[in-house]
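Colleague: Next up is a structure, given as structure tokens.
The values are calculated or read from the model by the stated rules, or taken from the named source; none is laboratory data. Please read all numbers here as calculations on a predicted model, not as lab measurements. Positions of Cβ are generated from backbone atoms using ideal geometry, with glycine treated the same way; all protein chains shown enter the neighbour counts.
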Amino acid sequence: DALLSCHRHYRSRPTHGIGRFKYLLPKETPKRKKDKVQMKEINVGTEYEYGDINIQMTSYDLCLVEHFAQYVHRLCNRLSIRVNESYAMPTKTNEVLFLEERGSKMQLDAVLTTHQRVVQITGLSSTFAPILLEVIQSSQPEGVHLLVKEHTEADFKSRLKSRPELEELLAQMN
Amino acid sequence: IELEKSCYSDHEIRKLEEEEQLRRRKESMYDDDEVRGKTVIMAQDLEDKWEQKLLRFEAASRITDADKSNDRKSLNRKLDSNLMLLVKQKIGNQELWLLPQVEWQPGETLRSTAERAMAAFLGDHIQAKTLGNAPYGIYKYKFPRAIRTEDNVGAKVFFFKAFLQSSDLSQAELKEDHLWVTKDELRDYLKLEYLKKVNRFLLDL
């Protein structure tokens with residue numbers, strides 16, 4: 001049946017290639033791996049507009065953080081604020097060792113993972129920013145830390161991994 | 001409670017494997033080689049230990065003493081919703097319940113006037129954060145005819161919002177009456193017109 005359900009007409013038929021459309025679309029340049037995006041908007045304008053702003057949420061509980069990040073993202077969509085990216089930072093693991101010394105030394109381990117989600121926003125007008133901040137602040141779940149700051153190069157670079165071999169080679173060249 | 005389609009964690013996999021081993025041991029009496037040192041602490045035991053710890057932990061109750069006594073002067077009430085500060089102020093010849101208000105001096109930004117009002121009523125160093133320079137609401141009113149002069153027909157009151165960071169108001173002793181109220185209770189204290197404008201910008205989540 002799978003062989004018989006092909007709708008493409010054979011090459012000798014006049015209707016060959018009837019459904020083709022990809023050649024009509026505009027050409028997409030192949031994506032380059034190095035994304036050196038540096039967008040800095042006007043900070044002092046007629047209406048005060050903030051540039052890129054990062055809203056960072058950290059918590060131990062993964063589900064809470066993810067749901068909160070989704071909520072913030074949808075809120076911004078709803079309020080027609082442009083969201084550039086929403087990404088996650090690598091998780092940090094902490095090992096907690098309890099040393100109970102009552103006769104026998106027990107070591108109860110607890111492994112805590114800290115998760116971080118970032119939502120990046122542009123185009124906030126300063127009349128609207130405090131309202132948004134207040135809404136996010138009051139709808140914070142328990143155990144989630146909120147941090148709102150402007151996007152800097154350092155923030156951008158913290159996502160990238162350093163390549164020690166490249167650096168060695170560059171040092172050798174110089 | 002599995003709402004997301006997430007995979008099993010290490011602990012859960014370990015638990016499942018050990019359950020299978022136990023089952024196999026019960027059915028047929030082999031598996032004495034595999035016991036060795038792995039199953040000294042079984043995953044199930046760990047879970048039981050954790051559950052016991054959880055039972056021993058008591059979360060603080062959400063309804064505090066202040067709620068039961070309905071003491072509107074303390075900040076411990078209604079931990080769920082936002083509380084607003086209301087002060088009794090004398091305007092003209094009337095004593096009214098208002099949000100703290102101070103006259104604007106020319107040459108000062110509106111935000112610094114608001115911060116001055118806060119400092120006047122709550123003490124000098126309050127850890128309250130005003131977000132942004134834009135006011136949240138405005139209330140216009142005309143003076144009664146007795147006080148009206150040619151220039152001063154009425155007044156405009158701009159409202160700003162600030163978040164208290166710490167609930168440590170021990171140093172601040174307000175001279176007049178002050179209350180911490182939620183949005184619904186505001187209705188008992190404020191006048192209608194004033195209340196209508198104020199209600200527009202107060203969020204209660």
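Colleague: Considering every residue within region B:119-129, establish whether at least one is under 20 Å from the mean Cα position of the chain (by Cα), modelled with pLDDT under 75 and assigned to a helix (DSSP H, G or I).
Modeller: Checking region B:119-129: at least one residue is under 20 Å from the mean Cα position of the chain (by Cα), modelled with pLDDT under 75 and assigned to a helix (DSSP H, G or I).
Colleague: Would you mind finding the one in A:V72, A:V144, A:V111, A:V135 that is β-branched (V, I, T), out of contact with any Pro (no Cβ under 7 Å at 6 or more places or on another chain) and closer than 16 Å to A:D52 by Cα?
Modeller: Sole residue among the options that is β-branched (V, I, T), out of contact with any Pro (no Cβ under 7 Å at 6 or more places or on another chain) and closer than 16 Å to A:D52 by Cα: A:V72.
Colleague: Return the total of residues in region B:77-92 being part of a loop (DSSP other than H, G, I, E, B) and either modelled with pLDDT of 75 or more or in contact with an Asp or Glu (Cβ under 7 Å, 6 or more places away or on another chain) (or both).
Modeller: Final tally of qualifying residues: 5.
Colleague: Name the single residue, out of those in region A:146-174 being surrounded by 13 or more Cβ atoms within 10 Å (Cβ to Cβ) and modelled with pLDDT of 85 or more, that is farthest from B:A134 (Cα to Cα).
Modeller: Filtering first and then ranking leaves A:L146.
Colleague: What is the one condition in (1) closer than 30 Å to B:Y141 by Cβ; (2) exposed (fewer than 13 other Cβ atoms within 10 Å of the Cβ); (3) at pLDDT below 75 that B:T109 does not satisfy?
Modeller: B:T109 satisfies every listed condition except (3).
Colleague: Restricting to helices (runs of 4 or more DSSP H) lying wholly in region A:62-174: which have 1 or more residues that are within 30 Å of B:L164 (Cβ to Cβ)?
Modeller: Passing ranges, in order: A:62-78, A:129-138, A:153-158.
Colleague: Looking only at region A:48-90, how many residues end up being loosely packed, with under 11 Cβ neighbours inside 10 Å and in contact with a helix residue (DSSP H, G or I) (Cβ under 9 Å, 6 or more places away or on another chain)?
Modeller: Going through region A:48-90 one residue at a time, the tally reaches 0.
Colleague: May I pose another question? From the residues in region A:112-154 that are farther than 19 Å from B:L203 by Cβ and among the small types (G, A, S), which one is nearest to the other protein chains (Cβ to nearest Cβ)?
Modeller: Going through the qualifying residues, I end up with A:G143.
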